[in-house]
Amino acid sequence: MGPSLVVSARHAHAVAHRRGRRRTMVMASSGGAGTPPKLVTFLGKGGSGKTTAAAVAAQYYASEGFRTCLVAQSQDPAVEQLMGCKIGNSLTECAPNLSTIKLETSKTLLEPLDRLKKVDAQVNFTQGVLEGIVGEELGVLPGMDAICSVLALQKLLNFVSTGSSSSQPEFDVVVYDCNNTEEILRLIGATDRARSYLRYVRDLAEKTDMGRLASPSLLKLIYDSARPNGKTSEGRLSTEIWNEIEQLLERVSIWFADPSKLACFLIMDPRKSISVSSALRYWGCTTQAGSQICGAFGYTEDPSEMHQEVAQKFLPLPFSLLPFLPNDSSADWSRALSSLSQNTREQLKNMSTRVYPSVSFDSVQKSVTLFMPGFDKSEIKLYQYRGGSELLIEAGDQRRVIKLPSVMQGKVGGAKFVDRNLIVSIR
């Protein structure tokens, strides 16, 4: 099994010094300067313990010597109560190796607006209209939370990096307590879906009179405001910029699909069937979004042998229990962390544990097998476009495009659903 986090010798020594012995950190990645931190998040039904799980994970990673940041998106004060510290919209050190920050969209959107204004002052695209906008007067519209969350996470994770930077990242692990599971699923699949939209927008820009007239200036305004990898559009053709944006989206899409960089865990109350069913569904939805689930956790006040029966439903994922924490006072973290089982500790550290392949191709039988847990056959729609080179799978309010290998391209001959797998035969 490949581990996932990267820690320097300095961090390992700090842990050894603090505890009197050197701990073996389970890591996987090349490491070294410029290696981006890992993102950890929890998916599950509301009230299943996502915030508590995020707090436990953040405290655990920090106690193991990882420089950890807990990112809270909700205005709910529960996370502050659990952590025992005030969390603001700037990084605050809450404990050794542990910082916290709360995302506030009304403040986050001011920075991109300021960037747009500075670039517009140079290119004069809006002829001063943009300069007249007072950011502090702008309210938050639906959809802005997700966009600003991406911008904030990019600052911490730098997932658009080409990997050539030699700067040392500020954190080893970023634990993200998202408002809701649906939003993180959209985030995971956003870049892959955005590539499809980008192709159509580029066609409009390059193949229509209106696009050829307006798009070069607008493209440079947006690009110079974002400045991916610190570059500007000066002296560059629009074609070069379009190509770079597409490559950037592809790079981020690959980043979100890599379980050694993004660790998604399921969380549920094993005593409640609806909580378990929701976790199973989110497992399938995560696969549909293009990522992987690394493990499942149960969170309940009354653990019993029932969780073993629940664990069977999530095979081949590892399953373990998190300690129950009362939400009416700050947690006793020393006691909580000492109560973590060995299975729970290993599961949190082995974040790139072997995952079940979501798609497999059999060129001999000319069949495609898609692992789709949490769904039944009636919920899955199968389409085919582009002359038989792709499959389009629709399930869980997600659409996923599967590109067929050249030796298997052809029309769909049939499909069957067997043991959480959709098996598609190609003629």
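The values are calculated or read from the model by the stated rules, or taken from the named source; none is laboratory data. Given the structure is predicted, the values throughout are model-derived calculations rather than measurements. Please note: Cβ atoms are built from the backbone with ideal geometry, for glycine as well, and neighbour counts cover all protein chains shown. SASA here: full protein model, heavy atoms, side chains in, ligands and nucleic acids out. Shrake-Rupley method; radii C 1.70, N 1.55, O 1.52, S 1.80 Å.
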Being modelled with pLDDT under 90, closer than 27 Å to I393 by Cα and not hydroxyl-bearing (S, T, Y) narrows it down to one residue among L266, L249; which is it? L249
Do we have any residue at all in the range 198-216 that's surrounded by fewer than 19 Cβ atoms within 10 Å (Cβ to Cβ) and on the phi > 0 side of the Ramachandran plot? no
Single residue of the range 212-260 satisfying the filter (free of Cβ contacts under 8 Å to residues at least 60 places away in the same chain and in contact with a Phe, Trp or Tyr (Cβ under 7 Å, 6 or more places away or on another chain)) that is nearest to I293 (Cα to Cα): I241
Within the range 43-108, helices (runs of 4 or more DSSP H) holding 1 or more residues that are in contact (Cβ under 8 Å) with a residue 40 or more places away in the chain, touching a Gly at 6+ places or on another chain (Cβ under 6 Å) and under 30 Å from C285 (Cα atoms): 50-63
Among what's in the range 380-411 and is touching a Gly at 6+ places or on another chain (Cβ under 8 Å) and of a type in the set (A, V, I, L, M, F, W, C), pick the residue that is farthest from R193 (Cα to Cα). L404
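Among the listed residues V173, V119, V123, identify the single one that is surrounded by 18 or more Cβ atoms within 10 Å (Cβ to Cβ) and more than 30 Å from Y282 (Cβ to Cβ).
Details: V173 fails: more than 30 Å from Y282 (Cβ to Cβ); V123 fails: surrounded by 18 or more Cβ atoms within 10 Å (Cβ to Cβ).
Residue meeting the stated conditions: V119.
Which of the residues belonging to the range 128-148 are touching a residue at least 60 places away in the same chain (Cβ under 8 Å) and open to solvent by 100 Å² or more (accessible area, probe 1.4 Å)?
none
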Here's a check for you: in the range 290-342, which residue that is in a loop (DSSP other than H, G, I, E, B), under 29 Å from D397 (Cα atoms) and touching a Gly at 6+ places or on another chain (Cβ under 7 Å) is most open to solvent (accessible area, probe 1.4 Å)? P318
Report yes if R345 is within 24 Å of the chain's Cα centre (by Cα) and of a type outside the set (S, T, Y), otherwise no. yes
Before we move on, is G284 in contact (Cβ under 8 Å) with a residue 12 or more places away in the chain, assigned to a helix (DSSP H, G or I), within 23 Å of T41 (Cβ to Cβ) and open to solvent by less than 20 Å² (accessible area, probe 1.4 Å)? yes
Go through (1) within 30 Å of Y61 (Cβ to Cβ); (2) surrounded by 15 or more Cβ atoms within 10 Å (Cβ to Cβ); (3) modelled with pLDDT of 85 or more for N158 and report which single condition fails. (3)
Tell me, which residue of the range 254-269 that is open to solvent by 10 Å² or more (accessible area, probe 1.4 Å) and either assigned to a loop (DSSP other than H, G, I, E, B) or among the small types (G, A, S) (or both) is nearest to L321 (Cα to Cα)? D269
Name the one entry in L187, L249, L213 that is assigned to a helix (DSSP H, G or I), over 25 Å from the mean Cα position of the chain (by Cα) and hydrophobic (A, V, I, L, M, F, W, C). L213
Hey, E93 open to solvent by 80 Å² or more (accessible area, probe 1.4 Å) and in contact with a Lys or Arg (Cβ under 8 Å, 6 or more places away or on another chain) or not: no
